[in-house]
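Here is the structure we will look at, set down as structure tokens.
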Amino acid sequence: MLTKLKTSRTKHGIIRIISIIKDGKLKNYMENEATTNVIDPSQLKGILGIKKLDDPLPSFWFEIQKYPNMVGYFCALAVIFSHHRNIEVFKNSSSNMKGVMHKQDFDEKSFTNLRGILTSSGASRIEDARADEVPYNFSKVFSHGEIGVLVKNLILNRLNTIGWSENAEDSEFKRSFLEQCIWYGFHKVFGLTESQLESWFSGNSLVPENYSKENINYNKYIPIDTHILASLSSKQLIIITGPSGTGKTYGIRRLAASLNPYYNIDRNYNLAFIPIEAGWKDGRHLIGYKNPFSESGEQYETTPLINLLLKASSAQNSDLPFFIIFDEMNLSHVEMYFARFLSLIETAKHPKLLSEPLLSVEDLLLLKKTFKYSYTYISLINEAIENGGLYIPKNVYFIGTVNIDETTYMFSPKVLDRAFVIEKNTDKPSTIFNEEENSKYQSTIPLEKAYKLFLSELSSDNIQKELIDFLDDVYEILKNNFPFGYRVIRECNDYYNVLNNFKRQLDDVPEWLNKNNINNIIFDEILMQKILPKIHGNRKQLATLLPKLVEFCKANGEVIYPRSFHKLKSMERNLQNSGYCGFVV
């Protein structure tokens with residue numbers, strides 16, 4: 001019976017109905033101009049829900065004039081519900097109050113008219129007035145319960161047109177109004193659940209998922225681990241190593257949750273958790289691949305990482321940090337599956353070098369097929385296409401967690417050179433419940449300041465003489481076995497500037513930074529995170545080197561770099577016991 005619902009979809013002029021109603025001139029138009037064919041009379045009757053041009057107009061057309069900002073949306077819904085074919089297409093293209101209309105789903109004239117209605121109504125962008133795919137968003141309508149009542153009356157008008165009534169004898173119509181709407185799938189046209197449709201039709205407002213910065217409480221104080229924050233502020237890639245159960249993954253998850261402004265809507269909005277599997281030999285598990293055999297022809301198969309990068313790359317999210325966790329990162333050779341990222345992260349750090357996109361415009365056009373009816377992702381992909389491809393933005397941070405056993409692989413110098421390494425160790429069980437011990441890295445700061453500390457770019461030209469003297473001394477010890485180059489020096493300098501900036505900016509300075517000799521603290525961390533991780537070998541290679549480094553950690557008989565000192569002593573013991581040692585062994 002729904003097929004009886006049809007009106008002309010190819011005549012031009014219907015777009016004028018929006019301005020006529022907004023201007024309060026509908027009654028005058030019907031009395032004086034309706035027969036002039038400015039708007040096709042048969043099409044006009046179908047949209048307005050009348051049989052003859054001189055029939056009384058349904059009251060909802062006058063009621064909607066009280067809400068001028070909603071007139072366009074209401075008219076767009078009236079057009080959609082004027083033809084059964086529109087209903088079928090929009091039923092399959094809507095989700096979560098949003099969707100995408102495609103040219104291929106309509107004949108050309110019908111698509112042109114519907115596209116004009118959507119872009120004129122406010123449901124779609126004016127920029128899409130000539131596009132072959134039109135993302136639309138009706139979520140503003142659903143926040144007005146009174147509009148829901150008017151739309152209910154509009155649909156009741158449409159059902160009456162095809163013969164439905166409360167006491168209809170036809171078997172297809174032996175349902176209540178709401179049951180009939182659900183049976184026809186009208187709730188899917190709106191992208192609503194059945195209960196949401198009932199609530200909205202009853203006059204209740206629906207609260208859509210609102211990822212608007214207007215709703216972010218930037219003044220909210222959050223707890224933050226400044227130890228991890230400092231490393232991530234200096235480098236987009238960090239590796240966290242340590243025995244199982246020491247909180248490697250939990251710490252990053254907690255940090256991401258603290259910095260997620262939409263946590264109540266989507267707990268993983270700024271986080272992708274990717275368990276690495278043994279046997280990965282290329283990047284397709286991370287960045288996807290072209291599939292030539294899909295139902296719609298060649299398309300690009302996406303991944304959780306690509307989905308997160310699309311969000312992070314949007315201008316709306318440019319000041320929000322996003323996190324990608326690679327769990328058990330060394331179950332496969334990092335150099336094989338992560339090679340492209342290692343290169344692109346480095347290129348992005350150099351403003352004078354031309355960045356290369358991770359996905360080209362051609363890839364993104366194929367990716368659209370995967371998200372054919374997703375308003376959110378089609379909009380994000382379109383934004384990436386306008387930028388010339390999908391790049392790795394500076395607000396994305398990659399964190400790998402690492403365990404070392406017979407099933408894992410060691411990291412090459414190439415990887416360690418490009419990362420900061422944080423070691424998490426076990427301790428006495430009593431320290432787990434020791435608040436003072438657990439809080440030495442913690443600081444409580446406003447959300448806005450946390451974002452600025454993450455994303456602020458300090459000048460790399462500000463080279464500190466004390467740091468260079470320290471690195472010169474370290475280099476003299478390591479130059480024959482484990483020399484380091486410009487990249488390590490630059491990143492050590494970044495870390496030095498970041499920590500000094502933290503001490504100036506933080507009102508709640510954490511215990512580990514609240515010391516008189518801040519340089520020794522920073523130099524100790526630089527040894528632990530950038531220098532020592534590359535050291536590994538047998539007795540012949542390390543028997544004389546390790547003692548020199550141990551002595552380097554002392555001055556006048558006192559230990560000045562305690563974390564590095566204890567780590568080196570542990571490495572000495574491993575070398576003595578097994579004949580081999582390394583930072584993560």
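Could you state the accessible area per residue of segment 216-289 in Å², with a 1.4 Å probe and every protein chain left in place?
With all protein chains present, segment 216-289 gives 43 Å² per residue.
Do me a favour and compute the ellipsoid semi-axes for the chain from its Cα gyration tensor, root of five times each eigenvalue, largest one first, whole Å.
Semi-axes, largest first: 63, 23, 21 Å.
Suppose every Lys and Arg Cβ carries +1 and every Asp and Glu Cβ carries -1, with no other charges. What dipole size does the chain come out with about its Cα centre, to the nearest 20 debye?
Dipole size: approximately 500 debye.
From largest accessible area down, sort D427, D507, D128; use a 1.4 Å probe on the protein chains.
Final ranking, largest accessible area leading: D507, D427, D128.
Counting only heavy atoms of protein chains, what accessible area per residue, in Å², does segment 429-585 have with a probe of 1.4 Å?
Ligands and nucleic acids excluded, the figure is 52 Å² per residue.
What does the charge count around L5 come to, taking other residues whose C-beta lies under 10 Å from its C-beta (Lys +1, Arg +1, Asp -1, Glu -1)?
Its environment carries a net charge of +4.
Please sort 209-216, 84-91, 241-248 by packing, taking for each peptide the average over its residues of neighbouring beta carbons within 10 angstrom, highest first.
Order by mean packing, descending: 84-91, 241-248, 209-216.
Only helical DSSP H runs with n ≥ 4 go in: add -39500 (n - 2.57) per run for the chain, normalise by residue count and round the 222 nm mean residue ellipticity to 500 deg cm²/dmol.
That comes out to -12500 deg cm²/dmol.
May I ask you to rank D40, D524 by accessible area, largest first, using a 1.4 Å probe over the protein chains only?
D40, D524
So, with a 1.4 angstrom probe, what is the percent of accessible area on the chain that is carbon and sulfur?
Ligands and nucleic acids excluded, carbon and sulfur give 48 percent.
Please give the net charge around Q316, taking every other residue with its beta carbon less than 13 angstrom from that of Q316, where Lys and Arg add +1 and Asp and Glu add -1.
Counting the neighbours of Q316, the net charge comes to -1.
For K449, K290, K22, what's the largest-to-smallest order of accessible area, 1.4 Å probe?
K22, K290, K449
In Å and on Cα atoms, what radius of gyration and Dmax does segment 8-97 show?
When restricted to Cα atoms, segment 8-97 yields Rg and Dmax of 13.3, 41 Å.
Using a ≥ b ≥ c from the Cα gyration tensor of segment 185-237 (square roots of the eigenvalues), is it rounded, prolate or oblate, where a/c under 1.5 gives rounded and otherwise the larger of a/b and b/c decides, a/b for prolate?
Since a/c reaches 1.5 and a/b is larger than b/c, the shape of segment 185-237 is classed as prolate.
Under a 1.4 Å probe, what is the accessible area of segment 2-129 per residue, stated in Å²?
That works out to 45 Å² per residue.
With no solvent and one point on each alpha carbon, what is the Debye value of log10 I(q)/I(0) for segment 201-264 at q = 0.13, 0.22 Å⁻¹?
-0.54, -1.05
Find the Cα radius of gyration of segment 249-380, compare it with 2.2 N^0.38 Å by division, and give the number to two decimals.
1.12
So how do 530-536, 305-311, 121-127 stack up, highest first, on mean other-Cβ count within 10 Å?
The peptides rank, most packed first, as 530-536, 305-311, 121-127.
What's the local net charge at D508, with K and R +1, D and E -1, over the other residues with C-beta under 14 Å away?
Here the count lands on +1.
Regarding segment 437-585, what are the three Cα extents along the principal axes, ordered largest first, in Å?
Result for segment 437-585: principal-axis Cα extents of 51, 36, 30 Å.
Place the peptides 355-368, 49-62 in order of packing, highest mean first, counting for every residue the other Cβ atoms within 10 Å and averaging per peptide.
355-368, 49-62
The values are calculated or read from the model by the stated rules, or taken from the named source; none is laboratory data. Here the structure is a predicted model, which is why all the values come from computation and not from measurement. Glycine gets a Cβ as well: all are built from the backbone with ideal geometry, and neighbour counts include every protein chain shown. The area values use the complete protein model at the heavy-atom level, side chains included, leaving out ligands, DNA and RNA. Shrake-Rupley method; radii C 1.70, N 1.55, O 1.52, S 1.80 Å.
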